[in-house]
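The values are calculated or read from the model by the stated rules, or taken from the named source; none is laboratory data. Fair warning: this is a prediction, and the values are worked out from it, not measured in the lab. Neighbour counts are summed over all protein chains in view; Cβ atoms, including those assigned to glycine, are modelled from backbone coordinates with ideal geometry.
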Amino acid sequence: MKEEDVKKLIEKAEKPAKLSPVYHKFYSGKVQTMPRCIVRDLHDFDIWYTPGVAAPCKLIKEDKDLSFEYTSRWNYVAIVSDGSRVLGLGNIGPEAGLPVMEGKALIFKYLGGVDAFPLVTNTQNPDDILKFLEWIEPTFGGINLEDIAKPKCFYILEEARNRLNIPVWHDDQQGTATVVLAGLMNALKIVGKKLDEVSITLIGAGAANIKIADVLELAGAKPGNMIIVDSKGILTKDRVDEIMEREKNPWKAKWAEKTNSENRVGGIPEAMKDVDVVIAMSKPGPGVIKKEWVAQMADDAILFACANPVPEIWPWEAKEAGARIVATGRSDFPNQVNNSLGFPAIFRGVLDVRARTVTDEMCVAAAKALAEFAEEKGIHEDYIIPTMEEWEVYPREAVAAALQSIKQGVARIKPSRQELWERAVRIISEARESLEVLVKSGLIKPPPPEEEVLSTYKP
């Protein structure tokens with residue numbers, strides 16, 4: 001690729017970071033609450049508040065599950081973070097993590113019709129966070145954990161799923177795994193390979209790749225065909241004791257036991273040699289993965305370089321090195337592997353059946369729905385997964401998650417497939433249309449022109 005073309009691509013990649021501070025300050029945040037009920041005159045408050053509100057309160061006292069019918073709890077999700085591992089920025093704290101959680105709430109509403117509330121905590125103690133989740137459970141139909149450092153994120157998710165009677169989901173784990181599986185399913189179809197036969201290297205052994213390994217195994221991948229690399233090198237059986245002593249991380253140690261049947265040793269280059277698939281969820285690049293390492297992969301190689309905000313290797317470099325299919329976490333490159341394709345729809349589905357939990361099997365069901373939607377549209381090397389603009393995929397994914405909830409016996413109610421479909425389409429459509437109405441009416445004003453912002457940008 002010509003130097004001037006590379007320069008243009010890099011400028012395009014840097015553009016969102018230049019616009020973002022100005023736009024965030026312009027809107028003073030990204031989400032707000034809005035009334036759901038009618039207010040015709042002052043007397044309506046006699047119904048919505050005192051004295052009329054006492055009647056539904058008494059009903060709920062007799063049956064707590066009626067809170068899903070007489071309040072908006074059926075559609076409430078808490079986005080909970082301690083700010084200990086935000087994007088690729090590390091432990092920046094709860095206040096600095098709040099813009100991410102607000103962004104998550106915006107996507108929840110726009111793509112899933114879910115009313116999500118950012119709740120950042122002033123503690124990073126895992127047991128305190130668990131207690132906080134127990135305290136807020138009566139308000140919410142589900143909880144989305146976000147940007148919590150490992151290994152405590154594994155412990156919090158596992159314990160919360162045991163203690164709470166609503167779905168608890170860690171998006172950095174389950175959301176990422178869902179979308180990666182969907183993209184990989186279609187990428188393998190294009191190159192003519194099978195999940196239960198390919199060799200897969202996962203670069204990074206954090207929350208994302210450990211759960212990706214779980215979900216890949218559940219979908220049919222062979223653990224022995226997988227290699228996982230952390231900051232110290234390739235995971236091997238010989239490293240189990242060291243992992244437990246250094247990190248107290250049984251979830252990672254489990255995969256050191258199960259993977260790498262060839263018993264490879266070394267680092268990233270050794271782990272990438274001759275493998276079919278590389279899934280990188282490590283640290284921002286470029287340069288974390290080198291072109292010469294990609295060149296040593298198997299024929300028809302598949303590479304997911306998903307670090308944020310910059311992938312481990314620029315996609316054009318990976319292509320030049322011989323990778324046939326390349327995906328990143330960014331919307332400005334083809335094949336965006338982004339959690340936003342997963343969590344809004346999966347929560348829509350589990351909320352619509354008032355599920356008591358969310359499982360990895362639901363991730364696989366949602367991934368299949370995503371993959372099938374893209375396949376019907378016509379998959380190719382630069383389109384292995386739907387884009388966030390293709391909103392029609394979200395109701396399909398929601399129905400898949402809801403039906404899996406019913407199948408696993410964790411749904412409080414059991415609507416039909418058609419009822420679930422119609423409900424998801426209506427709620428998601430109304431959320432999108434509501435935003436359009438606010439913009440058209442001028443209640444949400446357009447931001448400053450991009451050219452104006454970029455012309456005055458100072459690093």
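Tabulated data
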read-out: Filtered residue count, segment 134-151, keeping only those that are modelled with pLDDT of 95 or more, surrounded by fewer than 23 Cβ atoms within 10 Å (Cβ to Cβ) and either in contact with a helix residue (DSSP H, G or I) (Cβ under 8 Å, 6 or more places away or on another chain) or polar (S, T, N, Q) (or both); value: 3
read-out: Filter pass, residue 436 being loosely packed, with under 14 Cβ neighbours inside 10 Å and under 29 Å from residue 353 (Cβ atoms); value: yes
read-out: Residue check, residue 76 under 27 Å from residue 345 (Cα atoms), touching a Cys at 6+ places or on another chain (Cβ under 9 Å) and not β-branched (Val, Ile, Thr); value: no
read-out: Restricting segment 1-32 to residues that are within 29 Å of the chain's Cα centre (by Cα), in a loop (DSSP other than H, G, I, E, B) and in contact (Cβ under 8 Å) with a residue 12 or more places away in the chain, the residue that is surrounded by the fewest Cβ atoms within 10 Å (Cβ to Cβ); value: 29
read-out: Close pairs (9 angstrom Cβ cut-off, 6 or more residues apart or separate chains): assigned to a helix (DSSP H, G or I) in segment 368-394, among the charged types (D, E, K, R) and surrounded by fewer than 18 Cβ atoms within 10 Å (Cβ to Cβ) anywhere; value: 371/189; 373/390; 373/392; 374/390; 375/189; 377/390
read-out: Index of the failed condition, residue 204 passing every other in (1) crowded, with 24+ Cβ neighbours inside 10 Å; (2) closer than 23 Å to residue 326 by Cβ; (3) not acidic (Asp, Glu); value: (1)
read-out: Among residues of segment 184-207, those that are part of a loop (DSSP other than H, G, I, E, B) and hydrophobic (A, V, I, L, M, F, W, C), counted; value: 3
read-out: Positions within segment 238-272 being assigned to a helix (DSSP H, G or I), among the basic types (Lys, Arg) and more than 30 Å from the chain's Cα centre (by Cα), in sequence order; value: none
